[in-house]
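Following: one structure in structure tokens, then a few remarks.
The values are calculated or read from the model by the stated rules, or taken from the named source; none is laboratory data. In this text the structure is predicted, and so the values were computed from the model without any measurement. Methodologically, a virtual Cβ is constructed for each residue, glycine included, from the backbone with ideal geometry; neighbour enumeration extends over all protein chains shown.
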Amino acid sequence: MKEWVVIQDARDEGYEDGLEDGREEGREEGREEGREEGRGEAHFEVISRMLRSGKTAEEIAEFCGYPIEQVKAVKKEMLVSAE
């Protein structure tokens with residue numbers, strides 16, 4: 001009976017360790033997603049300000065190093081939200 005208790009305790013401890021590892025992994029993934037979202041919002045702000053100031057999509061892509069598709073997507077979103 002004593003062996004069973006030791007085995008069960010070890011299983012419980014392993015289960016708890018696994019849960020904690022999973023939680024930490026989930027928190028880290030959430031933090032990374034938040035950082036990515038923040039960078040995306042910052043890029044959107046920079047691109048939209050430059051577009052409003054009269055810069056072309058090509059100029060913005062060249063100057064900032066953003067993919068031209070990203071700049072055009074922001075421009076399209078600005079046009080849609082202006083309607």
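Taking region 35-66 as the range and being part of a loop (DSSP other than H, G, I, E, B) and touching a helix residue (DSSP H, G or I) at 6+ places or on another chain (Cβ under 7 Å) as the test, only Y66 passes.
For region 10-63, which positions are modelled with pLDDT under 85 and of a type in the set (G, A, S)? Correct list: A10, G14, G18, G22, G26, G30, G34, G38, G40. Quick one: in region 36-64, of everything that is without any contact (Cβ under 8 Å) to a residue 12 or more places away in the chain and surrounded by 15 or more Cβ atoms within 10 Å (Cβ to Cβ), which residue is farthest from the chain's Cα centre (by Cα)? Applying the filter and picking the extreme gives K55.
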